[in-house]
Amino acid sequence: MKKDHDHAYKLLFSEPEIVKDLLQGFVHEDWVKELDFSTLEKVSGSYVSDDLRSREDDVIWRVKYRESWIYVYLLIEFQSSIDKYMAVRLMTYMGLLYQDLIKTKQLPPDKRLPPIFPAVLYNGEKRWNARTELKDLIVNLPGGLEQYQPSLKYLILDEGKYVKEDLAPLKNLVAAIFRLENSSTNAEISEVVSNLIEWLATPEQAGLRRSFSIWINRVLQPADQYNEPQPEINDLLEIKTMLADRVPQWIREGEARGEAKGEARGEARGKIEGEANTLLKQLNLKFGTVPDLVEQQIRSADKEQLDLWVEKILSASSIEEMFS
């Protein structure tokens, strides 16, 4: 059940150690070095704006940067398709959070709004290719109008783009999550679980061990097994024992399903690549050499976007007009 899977993720990212490792391990920016992680506080993710629209599935934390609060807004996105307008969604959700802070009088004495750091955690099969800056989704018109347009950028954490060689050396809980999501063998999974047992050995980490155990159950079990009663495992040592017996069977079943899906995806991907190649040839014939950035944009596009460009090339007078 997708809902249970998402709930298990939300449970994990409700742990301060996970949020700390996410920021320190995957946000390589100077401001992170000045955060006081002892001040990490979880903020209610269930708030209602003045127009009664609510958000209950996101994880929100705040942490002190010097004398000020920074809010960390983590949106967990496990849809099968990529939302091209994620920046618009985040603008709306951040607005709702600001409304709530104003309404509940949680602003500092100077009444200025605190900064929000928006991040999207995504684990779909296709690599994320949506624009991460809102300005790239808005038509750019000359004459000064651009100064009135909203500005927003978010960080995308695309689990599938991280490779084992980069993640394995890291003693980082979020890196362990990404490794488990991308593991394909019993040995890889057991190695990560062994690392977690070692890293989370102290008594005060019992709650975090339990959160990982619940999440691992959700991630490793095939979707069709959710309909069957499953024993509750709340300890990583039990998880490791269970792996020896059950994971090889799950992997074999998953491989069989994956082969069937892979054949269908491969055929669809072949058609998309063929359409991209055709479009590139048309652009080359009409406008000359195609810039590398444009070629990358074309090769990462889906079929819907390619179809639009194929139609647009008939009336476009330049490559700039095509991709404005």
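Summed over segment 146-164, the residues that are part of a helix (DSSP H, G or I) and either among the hydroxyl-bearing types (Ser, Thr, Tyr) or under 20 Å from the mean Cα position of the chain (by Cα) (or both) give a count of 5.
Condition check ((1) surrounded by fewer than 13 Cβ atoms within 10 Å (Cβ to Cβ); (2) at pLDDT below 80; (3) under 21 Å from HIS7 (Cβ atoms); (4) aromatic (Phe, Trp, Tyr)) across all residues:
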| residue | (1), (2), (3), (4) |
| --- | --- |
| LEU208 | no, no, yes, no |
| ARG246 | no, yes, no, no |
| GLN249 | yes, yes, no, no |
| GLU255 | yes, yes, no, no |
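Considering segment 164-179, the residues that are closer than 14 Å to VAL19 by Cβ and out of contact with any Gly (no Cβ under 7 Å at 6 or more places or on another chain) include one that is surrounded by the most Cβ atoms within 10 Å (Cβ to Cβ), namely ILE177. Residues considered: VAL120, VAL139, VAL192. Of these, the only one that is of a type in the set (A, V, I, L, M, F, W, C), over 20 Å from the mean Cα position of the chain (by Cα) and either within 20 Å of TYR93 (Cα to Cα) or in a loop (DSSP other than H, G, I, E, B) (or both) is VAL139.
The rows are residues; the columns are (1) acidic (Asp, Glu); (2) modelled with pLDDT of 90 or more.
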site	(1), (2)
GLY124	no, no
ARG131	no, yes
LEU134	no, yes
LEU137	no, yes
GLU146	yes, no
LEU155	no, yes
VAL163	no, no
LEU167	no, yes
LEU170	no, yes
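Which one is modelled with the highest pLDDT, of the residues in segment 183-202 that are more than 22 Å from GLU15 (Cα to Cα) and not β-branched (Val, Ile, Thr)? So, considering only residues that are more than 22 Å from GLU15 (Cα to Cα) and not β-branched (Val, Ile, Thr), the one modelled with the highest pLDDT is GLU191.
The values are calculated or read from the model by the stated rules, or taken from the named source; none is laboratory data. Since the structure is predicted, the reported quantities are computational estimates derived from the model, not experimental observations. Note: ideal-geometry Cβ built from the backbone for every residue, glycine included; neighbour counts use all protein chains shown.
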